[in-house]
Amino acid sequence: MSTDQFDPAPTAPAPDEPGGYNAPVIAEFRSNEGRVGGPFEGAPLILLTTSGARSGAVRTVPTMYVPHENDAILIFGTNGGAPTHPAWYHNVQVHPHVTVERGTETYEAVATPLPQDSEERDRIFAQVAAALPPIADYQSKTERKIPVVVIERRS
């Protein structure tokens, strides 16, 4: 698929599909102009739609974000501190074109993982972890280095 043909419709997983546990959060996000309760209440949240790295299947997941420069945002592959990266991270490495739902706005974007061994990744992660203790907490639960991904609108 060429990058110009990318236009995945945001989805919501069925309860018995991978990521089905996110279906209630996705539904609440969409029906409340991007606001949700529970563990994400008050957190800056987006819905990220990616194409599967191997399957090409379109998947939507909720994830917290941090504003970045020039209207870009940052997302973090915390996976709740699990020992493996989240599936969406593998997806954006292969298919970087994504759809973002932020509040009531939906737009196409490009996801660029920062190199895991870069000073930029380490600097940004340290700044965000200092400001948002849950990010630091997730890192303390795993030996892997949590990925940092820059999301920029497609022009």
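The values are calculated or read from the model by the stated rules, or taken from the named source; none is laboratory data. Everything numeric here is computed off the predicted structure, so don't read it as measured data. Methodologically, a virtual Cβ is constructed for each residue, glycine included, from the backbone with ideal geometry; neighbour enumeration extends over all protein chains shown. Surface accessibility is based on the protein's heavy atoms, side chains included, excluding ligands, DNA and RNA. Shrake-Rupley method; radii C 1.70, N 1.55, O 1.52, S 1.80 Å.
Pairing each residue of the stretch 80-106 that is under 21 Å from residue 27 (Cβ atoms) and free of Cβ contacts under 8 Å to residues at least 40 places away in the same chain with any residue that is open to solvent by 60 Å² or more (accessible area, probe 1.4 Å) and of a type in the set (S, T, N, Q), provided the two are 6+ apart or on different chains, yields C-beta distances under 6 Å for 86/79.
Which residue, of 27, 57, is more than 25 Å from residue 132 (Cα to Cα), surrounded by fewer than 17 Cβ atoms within 10 Å (Cβ to Cβ) and either in contact with a strand residue (DSSP E or B) (Cβ under 8 Å, 6 or more places away or on another chain) or of a type outside the set (Gly, Ala, Ser) (or both)?
On the way: 27 fails: either in contact with a strand residue (DSSP E or B) (Cβ under 8 Å, 6 or more places away or on another chain) or of a type outside the set (Gly, Ala, Ser) (or both).
Of the residues listed, the single one that is more than 25 Å from residue 132 (Cα to Cα), surrounded by fewer than 17 Cβ atoms within 10 Å (Cβ to Cβ) and either in contact with a strand residue (DSSP E or B) (Cβ under 8 Å, 6 or more places away or on another chain) or of a type outside the set (Gly, Ala, Ser) (or both) is 57.
Selection of the stretch 135-154 for residues being more than 15 Å from residue 85 (Cβ to Cβ), open to solvent by 60 Å² or more (accessible area, probe 1.4 Å) and not in a strand (DSSP E or B) yields 137, 140, 154. In this structure, residue 117 qualifies as open to solvent by 70 Å² or more (accessible area, probe 1.4 Å), free of Cβ contacts under 8 Å to residues at least 12 places away in the same chain and more than 16 Å from residue 49 (Cβ to Cβ).
Scanning the stretch 1-11 for residues that are surrounded by 14 or more Cβ atoms within 10 Å (Cβ to Cβ), under 17 Å from the mean Cα position of the chain (by Cα) and either assigned to a helix (DSSP H, G or I) or at pLDDT below 65 (or both) yields a total of 2.
Of all residues in the stretch 67-86, those satisfying the criterion of being open to solvent by 30 Å² or more (accessible area, probe 1.4 Å), at negative phi and touching a strand residue (DSSP E or B) at 6+ places or on another chain (Cβ under 7 Å) are 67, 68.
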